[in-house]
Each structure stands twice: as structure tokens, then as C-alpha cells.
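The values are calculated or read from the model by the stated rules, or taken from the named source; none is laboratory data. Only a predicted model underlies this, so the values are computations on that prediction, with no experimental measurement involved. Virtual Cβ from ideal backbone geometry, glycine too; neighbours counted across all protein chains shown. For the accessible areas, the whole protein counts, side chains as well, though only heavy atoms, and no ligand, DNA or RNA atoms are used. Shrake-Rupley method; radii C 1.70, N 1.55, O 1.52, S 1.80 Å.
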Amino acid sequence: MAIISVSALRGARFPLFTNNPHPFPQFPIPSRRSSKLNFRSKGFTPFARYAQSQQDLFSSRLQDGIENLPKLVEDIVQTSINTGPRGALRLAQGIQAFLGVGGEWLADASKSTNSSAGLPTQMQLGLLSPQYLRRLFERMGATYIKLGQFIASAPTLFPAEYVQEFQNCFDRAPAVPFQEIQAILREELGRPIDSVYEYVDPTPVASASIAQVHAARLKGSQDDVVIKVLKPGIKDILVADLNFVYVVARILEFLNPELSRASLVGIVKDIRESMLEEVDFYKEAANIEAFRSYLEAMGLTRQATAPKVYQHCSTKRILTMERLYGVPLTDLDSISSLVSSPETSLITALNVWFGSLLACETFHADVHAGNLWLLRDGRIGFLDFGIVGRISPKTWTAMEVFLASIATEEYESMASALIEMGATDKDVDVMAFAKDLEKIFSSIQDLDTELIVATARDRTTNATAVSANVVVDERQMNALFLDVIRVSESYGLKFPREFALLMKQLLYFDRYTRLLAPNLNMLQDQRISIVSNRGSRYKNSFR
């Protein structure tokens, strides 16, 4: 459950969420009619023309297929060579995972068939249903868990049921034994571990799908640090799995050229590139240093920070960083003990992040509570720059207008902004689009809500403040964004991945707002700067 303030309902209406599932596309099924074919009828000529056109289309596709077949075979062979023997091992593991989850489905299906209700609709999809596909991904390991996280973060590409189910892929991953971590440290450092670190805590601070983090202390300087270590063999697994997914995508596009319009291979390439960037800690170190340079250039080092990278004990597979001490932005009790105004800290976090969208080549694209802290000294700490995004001036300007139109409920401007962001090859009826968006955002009145009261004591005056809040199911919150995507797609719009990344971060910040500053309107408060001068030449197109 999530908390949203009453004042927010009266103001910006962001985010207001409905629970309308994203249906699978429905295709008309022609009815069967028995009739005799009259070759002398006038209707035969159009039929003959249609048949001829279909034959020409088939011939054209066959010719294209013959021409593209050598390239496909060459691509598959080269990818197989690059994968090597690890591909056979992953195939065996995949079969084992498939049989395991298949057994679970059969057991559940047998229970359902014995009941009067019969087999549920979702279970009729077998292992392709959201729940069982998520289980299969988890059994397949790191690569597929990351793919699941990508699905959960890309509502512009996947149906709502899958986006919701794959949210479960963000749970904590099993830790690797410390002996294996020690072996990686020795190999990467090229010298004894105790010659670099005074000690390394064998119990990990965190464990994710591709890396885990251990606390340590540097020898000599005695600086407290954390070491992010790439899990053993993870890159080989990623390469093998992603190459397999790429080959499948290439074959599917070859067999069904219509899939090329959806850029299936392009999506897989994007996933592969972003995942392989995450296993290269040199790139993450560069992202951190770029963000720290931005803070220094803008005079923000007293308001926010990112961990210092210790280059002499960092490599492609290990990343040694300054250890920051603080609490997540969701820990209200601890935050209230550190600062007198949690709202001011939140505003600082918002301004620093919004500023980085414009001043940095990349922006932090994973500001969940584990990566955004309030430090003991009152500064905001940005952690883990493994996932970053890039945004063009045009997209960001359209995003500004979109956010402003949510706050002011100007649905025509909202529609225009979405059209500007999306890619389409046809004209969009702005007024009709705006009316559909208005229906989505107006549906907040139909949500099931619960009123709760929260109290907070001011440390200086000892006065108690009371705030009333409305509880809204977080699934309903996520559903609004999915509804916007669904309606946009019905008008032929396809959004860049950066749009989904931005929206996801704004959802995180909205949760922090509802917890730390219930009366704050994130989209209209003048203390929060989300308007840029960059790309201003585009703004006139929305008016």
C-alpha cells in the first residue's frame, strides 16, 4: 500500500492511477459462410485481383527471404562462435529450468482442473503466462532476472500483466560464498588482499543479480569503503544468454517480417548493450565521476554527493568506493532525527536530480530507496550508477510540458507533448487523444481509498503536526502509467525507452514526497526547478 496526500488530490493529480489491465491485441475473426463461387459474377474480378496481389506479396517476401538467408546464417554462425562451449552449458541449464517450472505448472493445473471453476485464463497460457514466465526467468539466473527487470521497467514495450508480475524480479538475489569473492579480488588486484585492504567483511552488505557489495577498510588511509564485486562467471552467462536471445529474435524477424516494424532485434540489441555496460565497472566509475564533477561545477557539494571512486583498487570487475553512511529516503523516523525539515531534504534531492538531466550526459536512472539516502551530515547521497539514462533536449522539453499539463489538467497540451515524444507514421487526432487522456486521469474518483492520520513532532518547538492521508494501492498507481501507454499506442505512438525511465524515477520521487512532504506539490512548487532553457525552441509547438 502507498500513501498519497489529500492536498495532492486537490492539486497536481500526479500520479493518479487506475487499475485497467493492458489487454492482448484482439484481431477480428472472419465468419465462415458457405457459398458457391460464380466465375461469371462481377465480384470475381476483384477477388482475382486480390488473389494476385497476395501471390505477388508472397513472391516478394519469398524473394526477400532467399536474399536475406545467407546473412541470417552468417549471423547465427558468427554469434555461435562468439558464444563458444558456454552456450551448450546454458542450454542444458535452460532445459532443466524449463522442466522444473513445467512441473510446477502441471501440478497447479491438475488442482485447477479438479475444481468446478476449471483452468483459469492465465494458466491456459502455460509457461507463457506472466507468473510462470517470471518463475522460469528466476530459475534461469542472472541474465533472465535482468531481462525481467527490463520488462518491469518498460511498460512502453510490454503488456501490463507482465510489467506488474516482473516487479518481483527486484527482490534480493542469493549471495555468492565469500571464498569466491576473495578469489576474484586476488585475481583483479594482482597482489594479496591484505596489502590493499585492512579488512574485508565476509558478510555482504547487498547482493544483486550480477554483483554483490562488501564493506572494507583501506590499508594505510584507513578509509571506510565498499567493494562492488562482479559475481563469478556472470559475464560469460550474460554473453551466452543474450546471444541466444539475439539469435531467436533474428529468426523470428526472418520468419515474420512484420516483427521488424516493432524493431524486435533492435530492442534485443538495446537490452544486450545496457546489460553488458552494467558488468563493466570502468563505465560505472566514469558515470560516478561525471556526476561528482557536475555537483562540484554547480556548487552543490554541500547539498549532495556520490561516493568517491578509489581508482588504484578498481578494475573492470571490482569497484572500490567511499562508504557513505545514511538512511534511505523511506526511513521517516531516522530522517526526522537527522534533519529538522525532511521536506527541505527532499526538495534538495529533486533539484539535484532534475539538474543532472540537463547538465550531465547521463542521468541516474534507478533512484529507488536503496540508492538515494539522507546521509548523517544532512546531504543527499546518490549511490549505484550502474543504470543510467540518456535524454535528448527534444524529449525532455516534451516531458516538461507533459508534467506541467498533469499539474494543470490541460489534456490537449498533454496529448501534444506525448505526440512530440512518440514516434508515429500517421496523423493523430489531438482532441480525441486529449479526451481519452482526460478519462484516464479523471478515474481517480473511482479508486478505493482509505483515510489515515499521521502525526509528527517538531524537535525545536515540541509541537505536534497532524496530517491526513489517503491510502491508494500501488498497483493502481502503476496502472495509470500503463493506461497512458495503452491509449497512446492505440493512436500509433511508440515512446523511446528514456520516457519510461524518466517516468519510473518520477514515481519513486512521488513516493518520497507522499512520505516526507505530504503537502508538497512536486509539479507546481516554485522551490523545485524542473523547467529548463535547453531545447526551448521546441516549446512553441505545444501551444
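For the stretch 307-394, the spread of Cα coordinates along the three principal axes comes to 39, 39, 17 Å, biggest extent given first.
For a Förster distance of 60 Å, can you work out the FRET efficiency between the beta-carbons of Glu104 and Lys439, rounded to the nearest 0.05? About 0.90, to the nearest 0.05. The calculated FRET efficiency for the pair Asp331 and Leu255, based on their C-beta separation and a Förster distance of 60 Å, comes to about 0.70. Over the stretch 303-372, what is the mean sequence separation of C-alpha contacts under 8 Å (at least six apart), divided by residue count, expressed as relative contact order in percent? Here the relative contact order equals 27 percent.
Cys169 exposes around 10 Å² of accessible area when a 1.4 Å probe is run over every protein chain in place.
Taking the Kirkwood radius as Rh and the Cα radius of gyration as Rg, the stretch 198-341 has a ratio of Rg/Rh equal to 1.10. Amide H contacts under 5 Å for Glu198: Arg217, Leu218, Lys219, restricted to partners 5 or more places along the chain or on a different chain, H placed in the peptide plane at 1.01 Å from N.
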